[in-house]
Amino acid sequence: MDEGIIAMLVMPLVIFMIFVAPIWLILHYRSKKQVNQGLSVEEQASLQSLAEQAEKMSDRIQTLEAILDSEAPEWRYRA
């Protein structure tokens, strides 16, 4: 009876160690390698473009806020 219980506990562990663990390790280290490679040229260009667009939007927002401050000083307090 004790041997049956031990076998029921050991078999899932053996199956895990044979099939799941190696695949898990391979996928884990593959993803680590991709992360360590950094950004590709296309990703860097896209990031640079987005940073430039964000800077332009920030300038526009500041300009619009300055216009609103001069034309309607209480605009920030209206809900």
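The values are calculated or read from the model by the stated rules, or taken from the named source; none is laboratory data. In this text, all values refer to a predicted model and were calculated from it rather than measured experimentally. Cβ atoms come from the backbone with ideal geometry, glycine included; neighbour counts cover every protein chain shown. Note: accessible area is taken over every heavy atom of the protein model, side chains too, but ligands, DNA and RNA are not part of it. Shrake-Rupley method; radii C 1.70, N 1.55, O 1.52, S 1.80 Å.
Summary of computed values
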read-out	value
Test for Ala72: is it modelled with pLDDT of 95 or more and open to solvent by less than 90 Å² (accessible area, probe 1.4 Å)	no
Any chance Ala66 is of a type in the set (A, V, I, L, M), open to solvent by less than 100 Å² (accessible area, probe 1.4 Å) and modelled with pLDDT of 90 or more	yes
Hits in region 1-50 - residues which are assigned to a helix (DSSP H, G or I), surrounded by 10 or more Cβ atoms within 10 Å (Cβ to Cβ), hydrophobic (A, V, I, L, M, F, W, C) and under 32 Å from the mean Cα position of the chain (by Cα)	Phe16, Met17, Phe19, Val20, Ala21, Trp24, Leu25, Ile26, Leu27, Ala45, Leu47, Leu50
